[in-house]
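*Asks:* This structure is in structure tokens; I'll ask about it shortly.
The values are calculated or read from the model by the stated rules, or taken from the named source; none is laboratory data. Just so you know, these numbers come straight off a predicted model, no measurement behind them. Counting neighbours? That spans all protein chains shown, and the Cβs are built from the backbone with ideal geometry, glycine included. Quick note on the areas: whole protein, heavy atoms, side chains included, nothing else; ligands and nucleic acids left out. Shrake-Rupley method; radii C 1.70, N 1.55, O 1.52, S 1.80 Å.
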Amino acid sequence: GITLNDVKEVTIVGNTAMHHIFMGIYPKYLSLAPYCPAVQQAVDYRPNDIGLNIDPMGNCHILPVVAGFVGADHMAVILSCDIQNRDEMTLAIDVGTNGEIVLGNKDGMVCCSAAAGPALEGSCITYGMRAADGAIERVKMRKGNLKLEYKTINNSKPLGICGSGIIDLVAEMLKTAAIDVTGRIREELEDDIDRIRESNRGYEFVVEWARKTKQKKDIVITSDDIREVQLAKAAMYAGTSILMETKGITVDDIDRVLIAGAFGSYIDVENAMTIGLFPEVPLEKVKSVGNAAGTGARMSLISRERRCEEKEILKKLRYVELATHPTFQQQFVDAMNLPHKDISLFRNTMKNVSAPIPKQ
């Protein structure tokens with residue numbers, strides 16, 4: 001029951017490129033070393049100055065950015081998780097095309113941006129898609145054979161696989177030894193229903209047959225798809241490892257792990273850990289915090305104290321540039337393999353053990 005003219009205050013968060021474009025700043029130099037933002041501190045604008053059609057006497061508050069690839073959205077994540085005020089050593093990961101990672105507590109924080117690519121969001125995967133109607137979002141495989149169960153969004157006919165389903169699928173294939181720790185699809189497991197088969201793209205695994213899918217095509221995951229997931233998770237894991245080295249801590253020193261972002265709300269954290277998306281910590285320490293960037297923006301909207309804390313966060317936060325870090329390439333390569341350590345040899349004669357599909 002209000003009009004735009006009734007809106008007096010707006011807060012804005014986004015990655016650094018979005019931030020600059022919104023403010024009318026030419027963003028070219030964000031893509032060039034040393035990837036420095038033109039503006040880092042918080043900025044307040046009159047609405048008319050940036051084309052916001054609200055009360056002309058209102059205010060638009062744009063949260064600070066951290067670096068060229070760590071934007072105001074990650075500042076909002078830190079703000080909403082209260083990392084800067086707590087004793088607990090916190091690892092917060094915002095999973096996306098750029099995986100933004102922060103590690104620390106009230107005594108200081110370090111952060112980085114890992115170029116994870118879009119695989120974990122469903123892009124550059126043969127049958128990958130966004131989390132929309134018909135996307136396979138949950139997968140469980142039975143031990144002892146190649147059968148699987150899945151759940152789609154809205155229980156519709158399957159159309160493709162979204163990010164949470166991709167993580168589940170790779171983890172379940174690893175647990176049942178349909179792939180090995182290098183990510184290779186085990187062609188020796190070819191069975192009478194031809195779920196593992198060779199195509200012109202190499203070996204692939206059939207998730208669902210054409211007769212049961214919306215587009216009447218077999219939904220598959222290929223060797224190249226699995227490699228894209230490995231590249232993404234290796235970047236995330238290597239970034240986290242470098243932050244731990246920078247802080248001089250080990251996994252045992254981490255008190256809580258927070259998975260942020262819309263994607264983070266839906267992933268199975270145990271499966272994410274199985275494929276090595278983040279370090280192995282007790283599962284009770286891991287929590288999905290959903291759209292923490294949106295939460296941080298709302299906190300900044302209604303609290304002057306929180307806006308003051310934005311400045312304090314910048315003082316406590318140190319950015320680590322992975323592209324120039326001396327050990328990143330080696331740590332990235334070391335993290336490529338899938339880390340599951342308890343894979344028994346696959347046997348078709350093993351007793352089937354089915355697990356229910358978890359409810360969303």
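*Asks:* Does at least one position in the range 251-263 carry a residue that is farther than 21 Å from residue 108 by Cβ, out of contact with any helix residue (DSSP H, G or I) (no Cβ under 8 Å at 6 or more places or on another chain), open to solvent by less than 40 Å² (accessible area, probe 1.4 Å) and part of a helix (DSSP H, G or I)?
*Replies:* Scanning the range 251-263, I find no residue that is farther than 21 Å from residue 108 by Cβ, out of contact with any helix residue (DSSP H, G or I) (no Cβ under 8 Å at 6 or more places or on another chain), open to solvent by less than 40 Å² (accessible area, probe 1.4 Å) and part of a helix (DSSP H, G or I), so the answer is no.
*Asks:* Considering only the range 84-105, I want to know if a residue exists there that is surrounded by fewer than 17 Cβ atoms within 10 Å (Cβ to Cβ), at positive phi and not β-branched (Val, Ile, Thr).
*Replies:* For the range 84-105, residues surrounded by fewer than 17 Cβ atoms within 10 Å (Cβ to Cβ), at positive phi and not β-branched (Val, Ile, Thr): absent.
*Asks:* With 220, 229, 207 as the choices, which residue is touching a residue at least 60 places away in the same chain (Cβ under 8 Å), assigned to a helix (DSSP H, G or I) and open to solvent by less than 60 Å² (accessible area, probe 1.4 Å)?
*Replies:* Details: 220 fails: assigned to a helix (DSSP H, G or I); 207 fails: assigned to a helix (DSSP H, G or I).
Of 220, 229, 207, the one residue that is touching a residue at least 60 places away in the same chain (Cβ under 8 Å), assigned to a helix (DSSP H, G or I) and open to solvent by less than 60 Å² (accessible area, probe 1.4 Å) is 229.
Okay, residues lined up against (1) in a loop (DSSP other than H, G, I, E, B); (2) within 18 Å of residue 234 (Cβ to Cβ):
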| position | (1), (2) |
| --- | --- |
| 100 | no, yes |
| 104 | no, no |
| 109 | no, no |
| 123 | yes, yes |
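*Asks:* Turning to a different aspect of this structure: When you look at residue 278, is it buried (at least 21 other Cβ atoms within 10 Å of the Cβ) and free of Cβ contacts under 8 Å to residues at least 60 places away in the same chain, yes or no?
*Replies:* Values: buried (at least 21 other Cβ atoms within 10 Å of the Cβ): yes; free of Cβ contacts under 8 Å to residues at least 60 places away in the same chain: no.
When the stated conditions are applied, residue 278 does not pass them.
*Asks:* For the range 152-171, give me the residue count where each residue is open to solvent by 30 Å² or more (accessible area, probe 1.4 Å) and either on the phi > 0 side of the Ramachandran plot or in contact with a Pro (Cβ under 8 Å, 6 or more places away or on another chain) (or both).
*Replies:* The number of residues fulfilling the criteria is 2.
*Asks:* Of all residues in the range 39-70, which are part of a loop (DSSP other than H, G, I, E, B), under 18 Å from residue 297 (Cβ atoms) and either in contact with a Pro (Cβ under 8 Å, 6 or more places away or on another chain) or modelled with pLDDT of 95 or more (or both)? Break it down stepwise before answering.
*Replies:* Filtering the range 39-70 for residues part of a loop (DSSP other than H, G, I, E, B) gives 39-42, 46, 51-58, 63-66, 68-69.
Checking the rest, the ones that are also under 18 Å from residue 297 (Cβ atoms) come to 39-42, 52, 54, 58, 63-66.
Once the filter is applied, which keeps residues that are part of a loop (DSSP other than H, G, I, E, B), under 18 Å from residue 297 (Cβ atoms) and either in contact with a Pro (Cβ under 8 Å, 6 or more places away or on another chain) or modelled with pLDDT of 95 or more (or both), the range 39-70 yields 40, 41, 42, 54, 58, 63, 64, 65.
*Asks:* Here's a follow-up. When the residues of the range 285-314 are narrowed to those that are without any contact (Cβ under 8 Å) to a residue 60 or more places away in the chain and not in a helix (DSSP H, G or I), which ends up most open to solvent (accessible area, probe 1.4 Å)? Give the derivation first.
*Replies:* Keep residues of the range 285-314 that are without any contact (Cβ under 8 Å) to a residue 60 or more places away in the chain, which gives 285-288, 290-291, 302-305, 308.
Filter again for not in a helix (DSSP H, G or I), leaving 286-288, 290-291, 303.
Numbers: 286: 21, 287: 125, 288: 47, 290: 12, 291: 91, 303: 24 Å².
The selected residue is 287.
*Asks:* On to the next question. Can you tell me which residue in the range 281-290 is farthest from residue 12 (Cα to Cα), limited to those that are modelled with pLDDT of 90 or more and of a type outside the set (A, V, I, L, M, F, W, C)?
*Replies:* 282
*Asks:* Then there is this: Answer with yes or no whether residue 188 is over 16 Å from the mean Cα position of the chain (by Cα), within 16 Å of residue 271 (Cα to Cα), part of a helix (DSSP H, G or I) and not polar (S, T, N, Q). Spell out how you get there, then give the answer.
*Replies:* On the way: over 16 Å from the mean Cα position of the chain (by Cα): yes; within 16 Å of residue 271 (Cα to Cα): no; part of a helix (DSSP H, G or I): yes; not polar (S, T, N, Q): yes.
No.
*Asks:* May I ask you to say which residue of 275, 254 is in contact with a strand residue (DSSP E or B) (Cβ under 8 Å, 6 or more places away or on another chain) and either at pLDDT 95 or above or over 24 Å from residue 40 (Cβ atoms) (or both)?
*Replies:* Values: 275 fails: in contact with a strand residue (DSSP E or B) (Cβ under 8 Å, 6 or more places away or on another chain).
254 is the lone residue from the list that is in contact with a strand residue (DSSP E or B) (Cβ under 8 Å, 6 or more places away or on another chain) and either at pLDDT 95 or above or over 24 Å from residue 40 (Cβ atoms) (or both).
*Asks:* Moving on to the next point. For the range 124-151, name all the residues that are open to solvent by less than 10 Å² (accessible area, probe 1.4 Å) and of a type in the set (Gly, Ala, Ser).
*Replies:* Within the range 124-151, 134, 135, 144 meet the criteria.
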